[in-house]
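Take a look at the structure set out below.
Each reported figure results from applying straightforward, stated rules to the coordinates on display, with no laboratory input. Note that the coordinates shown come from a computational prediction; the quantities given were computed from them, not determined experimentally. Here Cβ is always computed from backbone atoms with ideal geometry, including for glycine, and neighbour counts include all displayed protein chains.
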Amino acid sequence: MKQYLTVSEYIDWDNPNIQILAKTLRGGYESDVDIARACFEFVRDSIQHTWDYKIDVITCKASDVLTHKTGYCYSQSHLLAALLRANGIAAGLCYQRLSLEGNGAPYCLHGLNAVYLEEFGWYRLDPRGNKEGVDAQFCPPLERLAFSTDERLEADIQGVWPEPLPVVVNTLSRYDTCMGVYENLPDLEMYG
């Protein structure tokens, strides 16, 4: 589990602002479930999804997401992982491959999280922010993710990554507008 608790370039939970927020969100909670819920709800409800709000600030590092209060789903998941790790809770990154328009190509990756809760094991949660048609919730052991994978080449990509996929970091680092990222969203080829 050590790899799911470490500090890194993009999950920089040693940042003082992340440390302060993590402690604030922990409050008087003692259970990992309650702390995880507080961290999840903060990111879901307080960090604006870059594309939804058409914000031309592209973030990747957790501390930058917190500073600017915006991020694409991938960046939001980096902040949630950082807040959880700062509270000593193992957390990683997960991905789905989704149809961008819901009816076939083009496809893109969607970033979300998994948190290790002693009572339930690995539990996936999606902090991307709710809107019409999106209702992500924290209700273990049931998953209430933002999106389902229904189309033939959509997929829940198996695994929990301790660090962001290089294709995600590359996209977020290469483009500096929300449209630039949107037009070049990362993807993994799936054959089926």
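Worth pointing out:
- The ranking of Val160, Val167 by Cβ neighbour count inside 10 Å, starting from the fewest, reads Val167, Val160.
- Gained length - Gln137 relative to Thr177, 0.36 nm times residue gap less alpha-carbon distance: 11.5 nm
- Alpha carbon centroid spacing (whole Å) that separates the range 1-33 from the range 123-189: 21 Å
- Listing Lys131, Lys69, Lys2 from fewest to most neighbouring C-beta atoms within 10 Å gives Lys2, Lys131, Lys69.
- For Glu119 and Leu188, the FRET efficiency from 1/(1 + (r/R0)^6), where r spans their Cβ atoms and R0 equals 30 Å, is about 0.40.
- Distance in nm between pseudo-label sites at Leu153 and Tyr29 (7 Å out along the Cβ direction from Cα): 3.9 nm
- Ranked Cys94, Cys73, Cys139, Cys108, criterion: other C-beta atoms within 10 Å, fewest first: Cys139, Cys108, Cys94, Cys73
- Estimated vicinal HN-Hα couplings, Hz - the range 87-99 in sequence order (Karplus 6.51, -1.76, 1.60; Gly, Pro = x): 9, x, 10, 5, 8, x, 10, 10, 9, 10, 9, 10, 6
- Between amide H atoms placed 1.01 Å from N, distances below 5 Å from Ala114 occur with Gly92, Leu93, Cys94, Leu125, all of them 5 or more places distant or on a separate chain.
- For the chain, the alpha-carbon radius of gyration amounts to 0.95 times the rule-of-thumb value 2.2 N^0.38 Å expected for a compact globular protein.
- Relative to its residue count, the range 89-137 spans a Cα convex hull of 87 Å³ per residue.
- In this rough spin-label picture, where each label sits 7 Å from Cα along the Cβ direction, the Ala105-Ile20 distance is 4.9 nm.
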